[in-house]
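Presented below is the structure to which this report refers.
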Amino acid sequence: MRNLNRVAVVGASLAGLRAVQALRREGFDGELTLIGAEAHIPYNRPPLSKSVLQGDDDVSLPGAEDLGEDWLRGRVAVSLDPVGKVVALDDGSTVHYDGLVIATGARPRRLAEHPASVHTLRTIEDSLALRAELNTGHQRVVVIGGGFIGGEVASTARALGHQVTLVDSAPHPMLAAFGTDTARWLARHHRSHGVELISGTRVVGFGGGSRVTEVRLSDGRSIPADLVVAGMGVTPNTEWLEASGLTVEDGVVCDATLYARGAADIVAAGDVVRWPHSLYGDALVRVEHWSNANDQGAVAAANLLAGPENAKPFADLPSFATHVHGARIQSAGLPQLADEARLVAGAFEEGGFAVGLAREGVLVGAVAVDSPKDLIRLKRGIGSSLDAVAA
Ligand SMILES: Cc1cc2nc3c(=O)[nH]c(=O)nc-3n(C[C@H](O)[C@H](O)[C@H](O)COP(=O)(O)OP(=O)(O)OC[C@H]3O[C@@H](n4cnc5c(N)ncnc54)[C@H](O)[C@@H]3O)c2cc1C
């Protein structure tokens, strides 16, 4: 372990918490400062689009309570000077470090013109505000974006008895992430659960003033709405690094060991990171999944303590699960890199199924619906030939 006296961790959510825990576990006993923009103890985001909307308030993150009061809550890092090794905060104070962990995550993308009454979903406040509206009688809900957040919100809103329209710009929801056949299955799945799905269409505006009452689409249609939720992906929180000289391109660009490119004392973890993944020919990837932030937080911190020469590459496979209208959808690897998708177990129309996704014949990802064992089998085969795995 190299000799670091002061470590700062910026971002007090999943990746930041795991970094702090790993620092302590690995024996770091110097000064540790955790800086977090939110006022809450670190909490779990996946329930925010699922159980919380249905009335369950449990968002606890194991281990978060052990942080005690030992961090700067509700404090935003506004700039970084990597030469002087100083983080400046929004109250004018500064934090000096010998080692820095960047874990500032991401925030929802917003529409160019984003009315205040259009909900997005990232924080506990966002989720409680949406829940309050979902609980005020039956409504016409319009969800913009058919990704995992949009799909989960549509599914929950239907379960609560609302009329739901899902508007997605792709020909089928989750097309890039799942491949054509699975995305077509998902479209049918939404429709068979009463969602009006409008694919291949963009939202171009709103009517109704401060309270949106209508959503205008690129095909000229207008949809009446009582409640609008936008789930259009996320933007990494990197503005505070703009003048730092670090390479920031859709995230903090890191090397394979999660060290910020060219920096010997700065690592990054979670949704904010882009790093070269060895299983994908060292293509730079950014992964917005819980398990990635969970595992990277620990690895980045251990690598910071080990020093760049002794740091280990992070090459875990991305994996993700979501529930939509009762179906458990899991994915592994990077299906979006694939040029071929093949059904390898089950059938699209009954029970569950699993699809292997390959690039130039080599398995790069997998998607499974209600077939967890097939997903495990496919996940193990990532990097091998699709023919061999499908046999
Ligand atoms: C509604 C929802 C449902 C999800 N469901 C799933 C799921 O089912 N499965 C799955 O795998 N993943 C899911 N995810 C994704 C998963 O929660 C994220 O991948 C994970 O939270 C990333 O953790 P992180 O610590 O990298 O970033 P974040 O959780 O985004 O945390 C970053 C923290 O840094 C703070 N911060 C930002 N900028 C600054 C600054 N300048 N100074 C100080 N603090 C700052 C932020 O306020 C935030 O608290 C979901 C996400 C959401 C929002």
Fill in the blank from the handout: Checked segment 337-351 for anything of a type in the set (D, E, K, R) and in a loop (DSSP other than H, G, I, E, B); matches are ASP339, GLU349
Problem - Residues satisfying the stated conditions in segment 294-309, i.e. open to solvent by 10 Å² or more (accessible area, probe 1.4 Å) and within 16 Å of the ligand (Cβ to nearest atom) - result: ASN294, ASP295, ALA298, VAL299
Completion exercise
Picked from segment 234-288 (must be charged (D, E, K, R) and within 16 Å of the ligand (Cβ to nearest atom)), the residue surrounded by the most Cβ atoms within 10 Å (Cβ to Cβ) is ASP271
Completion exercise
Selection over segment 43-99 where residues are within 29 Å of SER244 (Cα to Cα), at pLDDT below 95 and of a type in the set (Lys, Arg) yields a count of 1
Problem - Qualifying position, being outside the structural domain of SER49 (by TED's automatic domain parsing), more than 16 Å from the ligand (Cβ to nearest atom), modelled with pLDDT under 95 and over 14 Å from VAL324 (Cβ atoms), among LEU217, LEU160 - result: LEU160
Practice task
For segment 310-325, state whether one or more residues are within 27 Å of MET1 (Cα to Cα) and near the ligand (Cβ under 8 Å from one of its atoms).
Solution key: no
Exercise for the section: Return yes when LEU23 is more than 13 Å from the ligand (Cβ to nearest atom) and among the hydrophobic types (A, V, I, L, M, F, W, C) and no when it is not. Expected result: yes
Practice task
Quick one: ARG2 ticks every box in (1) more than 9 Å from the ligand (Cβ to nearest atom); (2) open to solvent by 40 Å² or more (accessible area, probe 1.4 Å); (3) closer than 28 Å to GLU242 by Cα except a single one, so which number is it?
Solution key: (3)
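Here is a yes/no grid of residues against (1) closer than 15 Å to PRO318 by Cβ; (2) buried (at least 19 other Cβ atoms within 10 Å of the Cβ); (3) touching an Asp or Glu at 6+ places or on another chain (Cβ under 6 Å):
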residue: GLY356; (1), (2), (3): no, yes, no
residue: VAL369; (1), (2), (3): no, yes, no
residue: ASP374; (1), (2), (3): no, yes, no
residue: ARG377; (1), (2), (3): no, no, no
residue: GLY383; (1), (2), (3): yes, no, no
residue: VAL389; (1), (2), (3): no, yes, no
Completion exercise
Restricting segment 5-20 to residues that are open to solvent by 20 Å² or more (accessible area, probe 1.4 Å) and more than 25 Å from the chain's Cα centre (by Cα), the one nearest to the ligand (Cβ to nearest atom) turns out to be ARG6
Completion exercise
Scanning segment 88-112 for residues that are closer than 26 Å to ASP295 by Cα and among the basic types (Lys, Arg), the one least open to solvent (accessible area, probe 1.4 Å) turns out to be ARG107
Exercise for the section: Kindly list the number of the only condition in (1) surrounded by fewer than 13 Cβ atoms within 10 Å (Cβ to Cβ); (2) under 25 Å from the mean Cα position of the chain (by Cα); (3) away from the ligand (no atom under 16 Å from the Cβ); (4) under 27 Å from ASP250 (Cβ atoms) that fails for PRO115. Expected result: (1)
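Within the bounds of segment 330-338, is there any residue that is over 24 Å from the mean Cα position of the chain (by Cα), open to solvent by 50 Å² or more (accessible area, probe 1.4 Å) and not assigned by TED's automatic domain parsing to the domain that holds VAL285?
In the first step, residues of segment 330-338 are kept if they are over 24 Å from the mean Cα position of the chain (by Cα); the result is none.
No, segment 330-338 contains no residue that is over 24 Å from the mean Cα position of the chain (by Cα), open to solvent by 50 Å² or more (accessible area, probe 1.4 Å) and not assigned by TED's automatic domain parsing to the domain that holds VAL285.
Could you tell me how many of the residues in segment 157-176 are open to solvent by less than 60 Å² (accessible area, probe 1.4 Å) and of a type outside the set (Asp, Glu)?
Within segment 157-176, residues that are open to solvent by less than 60 Å² (accessible area, probe 1.4 Å) and of a type outside the set (Asp, Glu) number 13.
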Practice task
Test ASP90 against the criterion of being in the same structural domain as LEU241 (by TED's automatic domain parsing), within 9 Å of the ligand (Cβ to nearest atom) and either closer than 19 Å to VAL143 by Cα or free of Cβ contacts under 8 Å to residues at least 24 places away in the same chain (or both), and give yes or no.
Solution key: yes
Problem - Residue satisfying condition, being near the ligand (Cβ under 9 Å from one of its atoms) and touching a residue at least 40 places away in the same chain (Cβ under 8 Å), within set ARG45, ARG73 - result: ARG45
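The values are calculated or read from the model by the stated rules, or taken from the named source; none is laboratory data. Worth saying up front: this structure is predicted, and the values here are computed from it rather than measured. As a convention, Cβ positions derive from the backbone with ideal geometry for all residues, glycine included, and neighbour counts pool all protein chains shown. The accessibility values were calculated without ligands, DNA or RNA, using every heavy atom of the protein model including side chains. Shrake-Rupley method; radii C 1.70, N 1.55, O 1.52, S 1.80 Å.
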